Amino acid sequence: MTMTMTMTMTMTMKIWVCIVLLSAFCCVSEKVCSQDMHFSQYYAAPLYLNPCFAGASGGSRLIANYRHQWAGIPGAFVSYAFSFDHNFSRLNSGVGLYVNHDKAGSGGLSTTNIGVQYNYNITLNRHWAARLGADVAYRMRKIDFSKLVFSDQISKDGIAAESTETPPDGNTAFMDYGAGALLFSEVYWFGTSFHHLTQADQALIPGNETKLPLKYSFHAGAKFPLKNNVGRKSEKFVSPTFNFKGQHKFHQLDVGLYFYSNPITIGVWYRGIPLAKAYKGGYPNNDAIVVLLGYKLKGLSIGYSYDVTISWLSIITSYGSHEVSLIYEFNNKNENKQSGSKRVIIPCPKF
């Protein structure tokens, strides 16, 4: 009896593994387009969100991001992002450099982006300013087909060792372009960004054209100081935010609230569009509840967030998703000196 149960559980796990691996293969098929990686702490990956955030700290900034999505699934999705940005206040400009890497599934489907960004700051009046930004990147994708499971390998006896369908390993590289805009005061901000403007061919199988879908984002928020908020050492505020993004047929909305009391940040937000859109009949668009804890020590900010999956995927993603961010800011004092005018600071939270 025990042996039968063990064999049944083992076969069930193999079936789930096959589903995940086949899903990874679908990302390179002719009819299905892959999505970009994403970060729950989208303001902790500002250059990935919008090129207008390059130089937004007022000086120099180094950022590292790590995300382990759906840790309970074999061959889960892992993403890394590294960036440096700097503000040239006298030139009303911000610049950024970044490297992003994403690995999806056990097949080793990976994407690497190396890019540069530039934005120009326009002071509209004493209270409002705007930024226009551009992004240019070199994008590389590859996959190891030998690690995937194909249909002729699956049988009632398990998974066969070889497949007659396995194509040679694939890889591709191409230039990629994006743009963004940002309108902000010392309390509110409204931004939009567009990536993959040229929708380049990202196919990994020769002769199987697969265009990279346009990705767009609309994000906004506010920063409201609390009472007895005097000086940076006693700074306290609440910040409601949202980020809506779409790519191909997929859409996502993050909406939530940050609370900051120096040096602690606490955040909670919801991801999903339950009333406006469903995955399919009977599956409401509820994705996750995200909780965040952040700590700031002088110029260093550290954030950890956990995604609690609330969709039907919770059956196999019981461990949720983990995300860590490190932000180091420096050179702020020198670059913040501006003669003759007061510069409007973008008020969005760090995480």
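General remarks:
- Scanning segment 151-172 for residues that are of a type in the set (A, V, I, L, M, F, W, C) and at pLDDT 60 or above yields a count of 1.
- The strands (runs of 3 or more DSSP E) found entirely in segment 75-129 that carry 2 or more residues being crowded, with 18+ Cβ neighbours inside 10 Å, charged (D, E, K, R) and on the phi < 0 side of the Ramachandran plot are 93-104.
- Boolean, residue 295 is surrounded by fewer than 20 Cβ atoms within 10 Å (Cβ to Cβ), at pLDDT 85 or above, touching a strand residue (DSSP E or B) at 6+ places or on another chain (Cβ under 7 Å) and closer than 20 Å to residue 44 by Cβ: yes
- The set of residues in segment 65-80 being among the β-branched types (Val, Ile, Thr) and modelled with pLDDT of 90 or more consists of 78 alone.
- Of the residues making up segment 327-340, not a single one is touching an Asp or Glu at 6+ places or on another chain (Cβ under 9 Å), within 26 Å of residue 56 (Cβ to Cβ) and at pLDDT below 90.
- All conditions in (1) over 15 Å from residue 109 (Cβ atoms); (2) within 27 Å of the chain's Cα centre (by Cα); (3) loosely packed, with under 13 Cβ neighbours inside 10 Å; (4) at pLDDT below 95 hold for residue 175, with the sole exception of (4).
- Flag not set for residue 192, criterion: of a type in the set (Ser, Thr, Tyr), buried (at least 17 other Cβ atoms within 10 Å of the Cβ) and farther than 18 Å from residue 45 by Cβ.
- Some residue of segment 14-34 being at pLDDT 50 or above and at negative phi: yes
The values are calculated or read from the model by the stated rules, or taken from the named source; none is laboratory data. Everything numeric in this text was worked out from a predicted model, so none of it was measured. When we count neighbours, we look across all protein chains shown, and the Cβ atoms used for this are built from the backbone with ideal geometry, even at glycine.
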